[in-house]
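Structure first, commentary second.
The values are calculated or read from the model by the stated rules, or taken from the named source; none is laboratory data. The shown structure was predicted, so the numbers you read here are calculated from the model rather than taken from an experiment. Counting neighbours? That spans all protein chains shown, and the Cβs are built from the backbone with ideal geometry, glycine included.
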Amino acid sequence: MTLSLSSIHKNIWLIIVVAFVILGGGLLLMHHVSPHKSGIVATGFMADIVVTFPVVYYFLIIKPFKQKLWRIMLVITCCCGVAYLILPAEQQGYIIQLRKLTAGLELGMLIYFISKIRHIQKAYKQLQAEFPDVAFNLHKSMEMVLGDGVPVKIMASEITIVRFGLLCFKREKGIPTNVKRFSIHKNSGYAALFGVIMAVSVIEMVAFHLFLTRYSELAAVIVTILSVYGCLFITGDFSALLKSPVLLLENKLLLRAGLRYRTLVKLDNIASVEKVGGSFEPDAKCFKGGVMKNTFNVLITFKEPVIIERHYTKPAESSQMVLSIDEVDDFIETLIAKGVI
């Protein structure tokens, strides 16, 4: 039986709530229970983390989404890591013993993933040969080899974000010189917004870290790690926007905005391309593909609806799209010269 989108979202939110209840409730009990009962509470807390949560995860995620059973080992490994960081020394010893028992299975999983790297690279090169799009091809090649389950989608998205965030300085290769490209980030004002967000985030991260250290060193470290990842996410998004221009291929048009969306449109499926101003109000069914919500200067109408792929939500289908292209006049003139419009 296929789950509806609402059921999928419900299960995901439920597992997040369970995680917060276990961690929040356990930490609260450990800090308020009497000393002579702290050992029993800590052991129960450990059982909830490394047993209860994986079991709940199995029934809410693995079984309904028909995921491979070995993926529960990844969950158990993460749970053991969290438990080791927050539990007292006695329970840490139990965690180490449990990790010894699961080491063989994890080694087998590691060998499995390593064996798939070559296949992922092969799929990625094939996709790049068809048309260059590092952001989506890296994501899609992992899905082709490992499956399109929710954990694989999440892992692929995170690897793609980290790749663009850490290698933001790297110049992308693979786009042939004869392919016409049109940037999308200059006129949107997103670069200035990115600079402000990063500056504020760094200041806030330092200040909040110093504040939390007065109460809990561990909480300060965890929050700082999450904040650093947030900055990495924003950097990856901005880096992908810079390195993912709209491409005019031989008989197709690749419309995209970094890691957010992409659609590959046949030129003979384009009905019209119009330059629009800031006062233009797109139709409710029109796909809004601007870098920022209300920044667009061109409206593209398709003869037949196109499928727009997106990383973090389901694909969209639309017969119209608005987006922002820096060289909009050159873009329209090029399409006219090719006889598209």
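General remarks:
- Criterion: farther than 30 Å from GLY289 by Cα, part of a helix (DSSP H, G or I) and either hydrophobic (A, V, I, L, M, F, W, C) or assigned by TED's automatic domain parsing to the domain that holds VAL291 (or both) - qualifying residue of ALA220, ALA191: ALA220
- Checking ILE325 against (1) more than 15 Å from LEU247 (Cβ to Cβ); (2) assigned to a loop (DSSP other than H, G, I, E, B), the condition it does not meet: (1)
- Filter pass, ILE154 being assigned by TED's automatic domain parsing to the domain that holds SER141, surrounded by 16 or more Cβ atoms within 10 Å (Cβ to Cβ) and in a helix (DSSP H, G or I): no
- The sole residue among HIS209, HIS185 that is in contact with a helix residue (DSSP H, G or I) (Cβ under 8 Å, 6 or more places away or on another chain), assigned to a loop (DSSP other than H, G, I, E, B) and not assigned by TED's automatic domain parsing to the domain that holds PRO132 is HIS185.
- Breaking point among (1) outside any loop (DSSP other than H, G, I, E, B); (2) farther than 30 Å from LEU27 by Cα, for LEU259: (1)
- Leading residue by the ranking (nearest to the chain's Cα centre (by Cα)) among those in region 311-332 that are β-branched (Val, Ile, Thr) and within 23 Å of ASN137 (Cβ to Cβ): THR313
- Members of region 104-120 that are closer than 17 Å to ILE154 by Cβ and at pLDDT below 75: MET109, PHE113
- Filtered by the rule that a residue be buried (at least 16 other Cβ atoms within 10 Å of the Cβ), of a type in the set (Gly, Ala, Ser) and over 26 Å from PHE65 (Cβ atoms), region 8-33 gives a lone residue, GLY26.
- Test result for SER279, surrounded by fewer than 20 Cβ atoms within 10 Å (Cβ to Cβ), among the hydroxyl-bearing types (Ser, Thr, Tyr) and in a loop (DSSP other than H, G, I, E, B): yes
- Reported count of residues in region 55-103, each being at pLDDT 80 or above and aliphatic (A, V, I, L, M), is 12.
- Condition check for ILE222: modelled with pLDDT of 85 or more and over 20 Å from ILE307 (Cα atoms): no
- Residue satisfying condition, being in a loop (DSSP other than H, G, I, E, B) and charged (D, E, K, R), within set ARG214, ARG163: ARG214
- Yes/no for VAL306 being closer than 23 Å to SER188 by Cα, touching a residue at least 24 places away in the same chain (Cβ under 8 Å), outside the structural domain of HIS9 (by TED's automatic domain parsing) and not acidic (Asp, Glu): no
- Inter-residue pairs, beta-carbon under 8 Å, first part of a helix (DSSP H, G or I) and in region 226-239, second of a type in the set (Ser, Thr, Tyr), 6+ apart: SER227/SER201; GLY230/SER201; CYS231/SER201; ILE234/SER201; GLY236/THR160; PHE238/TYR190
Residues checked against (1) surrounded by fewer than 21 Cβ atoms within 10 Å (Cβ to Cβ); (2) modelled with pLDDT of 90 or more; (3) within 24 Å of the chain's Cα centre (by Cα):
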| position | (1), (2), (3) |
| --- | --- |
| GLU250 | yes, no, no |
| ARG256 | no, no, yes |
| LEU259 | no, no, yes |
| SER272 | yes, yes, no |
| PRO305 | yes, yes, no |
| ILE341 | yes, no, no |
